[in-house]
Amino acid sequence: IQKTNFGGGNRTVACGFSISAKGYILTGSNAGFYNDVWAYDTSANTWTQKNNFGGSAREGAAAVSILGHGFVIGGKDGNGFKKDVWEYTPASDSWTSRASCPGGGRYYAVAVADSANSKIYYGTGDSGAASYLTDWWVYDPIANTWNSLAPFPGGQRSYAVGFCINGKIYMGTGNNNDGTDDASSDWWAYDPGSNTWTSVAGVPGNTLRDACTFVIGGRGYICVGMNSIYGEFNTL
């Protein structure tokens, strides 16, 4: 069923998160960078503009929600790659600057929230260097601290995706920077308790970059995206 169009107009590489029964879409680019924030009310089928994002206008940031707050990490603005972290409080419609990621600025990274331990896992992405990143970090939003973890074993990666199920982080796909810059189909499980990665069944069908993921009923789903950096679009 088609719903009311996004209130902010056309754009690409925006980010978003959900809190309670509302979804939030913000930032992105279209002949320039955006810092506007829009909330979608699922019951009323309406979009409402909120206070602007606290950081600079940007694209390619990572965003998650946890503990009833939204978090936006990194991205790229007109001055380069960002490592800053911003927390959104829906009750006051306000943004607060938090501790930046020690791993440095990047965009097209992966961020996954784990409700089992109230932590955010973040890593990989593109920092504009010759190689994509493999580092992996955990952010504690209560203590406002970062810690380095075992790096992603799938190799250099940007445009990957991930989700959390039952206290484990699953991530993969994306550009692999293996010399051809093609998309990938590998899939990995990260165990926060042991700080270890395990290779699991790869994503079937075409290789993917810039896909979409979500979790419903204890199952993870991955869909759409592109086959390669200039390849065909996937629809299933």
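Observations
- Calculated from backbone phi, Karplus (6.51, -1.76, 1.60) coupling profile of segment 120-131 in Hz, x at Gly/Pro: 10, 9, 8, x, 6, x, 10, 9, x, 7, 5, 10
- Pairs of alpha carbons in the chain separated by more than 28 Å make up 27% of all such pairs.
- Dipole magnitude for the chain: about 360 debye, using +1 per Lys or Arg Cβ and -1 per Asp or Glu Cβ, origin at the Cα centre.
- Its Cα centre serving as origin, segment 1-132 has a Cβ charge dipole (Lys and Arg +1, Asp and Glu -1) of approximately 100 debye.
- Among Ala63, Asn45, Asn30 the positive-end extreme of the charge dipole of segment 1-93 (Cβ point charges): Asn30
- Per-peptide packing, taken as the mean over residues of other Cβ atoms within 10 Å, places 89-97, 128-136, 204-212, 52-60 in the sequence 52-60, 204-212, 128-136, 89-97 from highest down.
- Distance from segment 189-212 to segment 1-67 (C-alpha centre basis), Å: 27 Å
- The gain in end-to-end length when the Lys83 to Gln49 segment is fully stretched comes to 9.7 nm, 0.36 nm per residue minus the alpha carbon separation.
- Segments 155-163, 111-119 sorted - mean Cβ within 10 Å per residue, highest first: 155-163, 111-119
- Cross-link partners of Lys76 among lysines, defined as those whose alpha carbon lies under 24 angstrom from its own and excluding same-chain residues fewer than eight positions apart: Lys50, Lys119.
- Nearby aspartates and glutamates by direct alpha-carbon distance to Lys3 (threshold 15 angstrom, same-chain neighbours under 8 apart not counted): Asp41
- Contour excess over end-to-end distance, with Cα ends at Thr134 and Ser97 and 0.36 nm allotted per residue: 10.8 nm
A short reminder: the numbers here are calculations on the coordinates, not readings from a lab. These numbers come from a predicted model, not from an experiment. Note that each Cβ is placed from the backbone with ideal geometry, even for glycine, and that neighbours are counted across all protein chains shown.
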